[in-house]
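Worksheet: one structure, shown below.
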Amino acid sequence: MEFDKRAVAAVVVIQAIYAAMFLLSKAAFDGGMNNFVFVFYRQAFATLFLSPVAFFFEWKTAPPLSFLTFCKIFMLSLFGIAICLNLYGVALVYTSATLAAATTNCLPVITFFIALLLGMEVLRLKSIAGIAKLAGILLCMGGVGMLAFYQGPQWNFFNHHHLFLTRNDNHRSVTAPSTKSWLKGCFLMLASNTLWGIWIVFQAFVLKSYPSKLMLTNLQCLLSSFQSFAIAIAFERDPQEWKLGWNVRLLAVAYCGIVVTAVTYCLQAWVIEKKGPVFLAMSTPFALIITIILSAILLGESVTLGR
């Protein structure tokens, strides 16, 4: 029972951290920060923070890193972190922090299907548990579809003032996204969550051959930093867009790099090892409740019945 309490507490902390990530990332993008540059800085900050910690605690106990395991970690970093985060960044520009949190609720479905295909989970439709799983999957996908295609009436009981924008943040105005942009953002967010689900499942396999969680997380951060830099430099070559000041951009990068990437990746690796990937994915709805309220209060986002 004590172990279950620790696992539940860990996933609640993870989702609270992710909720703050949605808000700060959206605030940075609304302030004009390039989303590709943001991902690179995020992973670079995570690497700088985590490297001394990982080397201090696990350098002597870490198992030898074979070439095959390194290739697995490289591909895991490329698709599960670098490409996944860049797709998420583009989608967040097109949509809202609330949608980013809401669409992560399809992560349990994606993760479950991948785990089911790989034989890590079982679906018995003749049992009550199997029927409950199927009903949960259908409800989850129906909810995500409603968020994407149905707007609904607007709720006006929150203060619609963007806390992080000032008069100097004139790079990008905060306006309601068009229907075309919104749908594009929804599909990009779904693609990002699909890669996220694949990353969660396959990380469980990598942990079996390389069980040092800190070193594994640090190596993924390091590799994804180089991969994200290659992507960012291909899309953004203006030196002005790479500058960081004492503003929400630096706060978002530091928070997402140190707290989200370094801390939650280690917590996630621990939860995956102890309880499996589906247990971690099932905790994602916690982030939505926090994000809905804070995005309306802090970012001035409109809350509608559908979205």
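Some values worked out for this structure:
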| quantity | calculated |
| --- | --- |
| Convex hull (Cα only) mean projected area of segment 214-254, reported in nm² to one decimal | 3.6 |
| Relative contact order computed over segment 29-135 (Cα-Cα under 8 Å; 6+ residues apart), in percent | 28 |
| ³J(HN,Hα) computed for each position of segment 208-222 - Karplus, 6.51 cos²θ - 1.76 cosθ + 1.60, integer Hz, glycine/proline x | 5, 8, 9, x, 6, 5, 5, 5, 5, 5, 5, 5, 5, 5, 5 |
| In sequence order, calculated HN-Hα J values of segment 258-266 (Karplus, 6.51, -1.76, 1.60; Hz; x Gly/Pro) | 7, 7, 5, 5, 5, 7, 5, 4, 5 |
| Segment 1-88: projected area of the alpha-carbon convex hull, averaged over directions, in nm² | 8.0 |
| Distance between segment 175-232 and segment 124-139 - C-alpha centres, whole angstrom | 28 |
| Nearest-10 value in Å² for the accessible area of F202, using the 1.4 Å probe | 90 |
| Segment 1-102: trypsin sites (Lys or Arg not before Pro) in DSSP coil with no more than 14 other Cβ atoms inside 10 Å | K60 |
| Solvent exposure of segment 200-249 as accessible area per residue, Å², 1.4 Å probe | 50 |
| Cut-off 11 Å (backbone N to label point 7 Å along Cα→Cβ of E273), residues of segment 195-231 | 207-217 |
| Pairs of Cα atoms farther than 20 Å apart, segment 178-248, % | 58 |
| Å² per residue, accessible surface of segment 11-61 at 1.4 Å | 37 |
| Kirkwood Rh (inverse of mean 1/r, distinct Cα pairs), segment 58-121, angstrom | 14.6 |
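The values are calculated or read from the model by the stated rules, or taken from the named source; none is laboratory data. Owing to the predicted nature of the structure, the values given are computational and were not obtained by experimental measurement. Because the Cβ atoms are built from the backbone with ideal geometry, glycine has one as well, and the counts that use them run over all protein chains shown. All accessible areas refer to the heavy atoms of the entire protein, side chains included, with ligands and DNA or RNA removed. Shrake-Rupley method; radii C 1.70, N 1.55, O 1.52, S 1.80 Å.
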